[in-house]
Amino acid sequence: MKILLVEDELNVSRFIKKGLEEHGFSVDVAYDGTQGLKMAKSRIYDLIILDIVLPYKSGIDVCKEIRNNKNSVPVLMLTALGTLNDRVNGLDSGADDYLVKPFHFQELLARIRALYRRANSVETTDKIIKIDNLLIDLDSKEVRRGKALINLTAKEFRLLTLFAKNKGRVLSRNFIAEEIWEHSFDSGSNVIDVYVNYLRKKLDHGYEKKLLHTVIGMGYVLREQYEDQR
């Protein structure tokens with residue numbers, strides 16, 4: 001997940017960048033509104049974290065210009081201004097969420113995950129997700145590949161649903177841990193790799209076209225085709 005952080009306070013930007021990178025995110029930093037807008041226009045990001053009070057161009061103006069360019073990237077506003085009017089102005093400019101300083105880093109992570117899920121959820125009909133010949137019924141918890149029924153444990157089904165709702169996106173181990181194992185996850189464990197292997201055997205065994213792939217050094221991705229199949 002590629003994030004643009006627009007924050008002029010050096011200590012704050014370093015703290016956020018370090019914390020997010022430790023959780024597997026890729027973070028670019030801009031230190032003023034003009035630079036932030038230029039980067040937002042010239043590069044593709046999954047999410048923008050935007051302070052309101054910035055040199056040269058305010059976060060409100062940056063967000064308005066991002067939206068005027070038909071860019072729907074999720075925007076999370078950060079600011080020390082916590083009045084109702086400040087929050088309303090931030091949201092009216094096109095921001096998707098608003099976080100008042102000071103904040104706990106875990107809350108920032110939770111807001112980022114929520115925006116990510118909202119922006120990248122797969123459109124479904126009657127709670128069915130279809131990827132190639134894989135069908136996932138979110139109501140009945142039934143999974144089929146072609147005509148074959150795939151029996152999954154509850155944890156495997158949650159993991160598959162996470163991959164399916166983020167189809168085509170590489171999910172880091174840290175992201176998977178936060179979403180599936182939450183606070184009970186031991187970062188020194190290989191449990192994620194084990195469960196992904198369980199899931200891969202059930203999904204891909206016996207099929208020429210593989211759906212669940214490893215991206216070395218980055219994580220895992222569910223997609224219809226991948227040239228370098230592993």
Could you tell me whether any residue of the stretch 218-225 is in contact with a His (Cβ under 6 Å, 6 or more places away or on another chain) and touching a residue at least 40 places away in the same chain (Cβ under 8 Å)? yes
In the stretch 1-31, the residues that are surrounded by fewer than 17 Cβ atoms within 10 Å (Cβ to Cβ), farther than 24 Å from Glu178 by Cβ and among the charged types (D, E, K, R): Glu9
For the stretch 137-157, does any single residue satisfy the condition of being touching a helix residue (DSSP H, G or I) at 6+ places or on another chain (Cβ under 9 Å), surrounded by 12 or more Cβ atoms within 10 Å (Cβ to Cβ), within 21 Å of Asp46 (Cβ to Cβ) and modelled with pLDDT of 85 or more? no
Any residue in the stretch 20-36 that is on the phi > 0 side of the Ramachandran plot and under 19 Å from the mean Cα position of the chain (by Cα)? yes
So, of the residues in the stretch 32-45 that are over 19 Å from Leu108 (Cβ atoms) and at pLDDT below 90, which turns out to be most open to solvent (accessible area, probe 1.4 Å)? Ile44
Condition (residue is in a loop (DSSP other than H, G, I, E, B), within 20 Å of the chain's Cα centre (by Cα) and surrounded by fewer than 17 Cβ atoms within 10 Å (Cβ to Cβ)) applied to the stretch 46-57: is it met by at least one residue? no
What's the total number of residues in the stretch 199-224 that are buried (at least 16 other Cβ atoms within 10 Å of the Cβ) and of a type in the set (A, V, I, L, M)? 6
Would you please name the residue that is surrounded by the most Cβ atoms within 10 Å (Cβ to Cβ), looking only at residues in the stretch 67-94 that are at pLDDT 85 or above and assigned to a loop (DSSP other than H, G, I, E, B)? Pro74
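Conditions (1) within 12 Å of Lys57 (Cα to Cα); (2) not basic (Lys, Arg), marked per residue:
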{"site": "Leu5", "(1), (2)": "no, yes"}
{"site": "Lys18", "(1), (2)": "no, no"}
{"site": "Tyr31", "(1), (2)": "yes, yes"}
{"site": "Leu37", "(1), (2)": "yes, yes"}
Residue within the stretch 177-188 that is exposed (fewer than 12 other Cβ atoms within 10 Å of the Cβ) and either of a type in the set (Asp, Glu) or at pLDDT 85 or above (or both) present: yes
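The values are calculated or read from the model by the stated rules, or taken from the named source; none is laboratory data. Note that the structure is a prediction, hence the values are computed from the model and not measured. So basically every Cβ, Gly included, is an ideal-geometry build from the backbone, and we count neighbours across all protein chains shown. Calculation scope for accessible area: heavy atoms of the full protein, side chains included, ligands and nucleic acids excluded. Shrake-Rupley method; radii C 1.70, N 1.55, O 1.52, S 1.80 Å.
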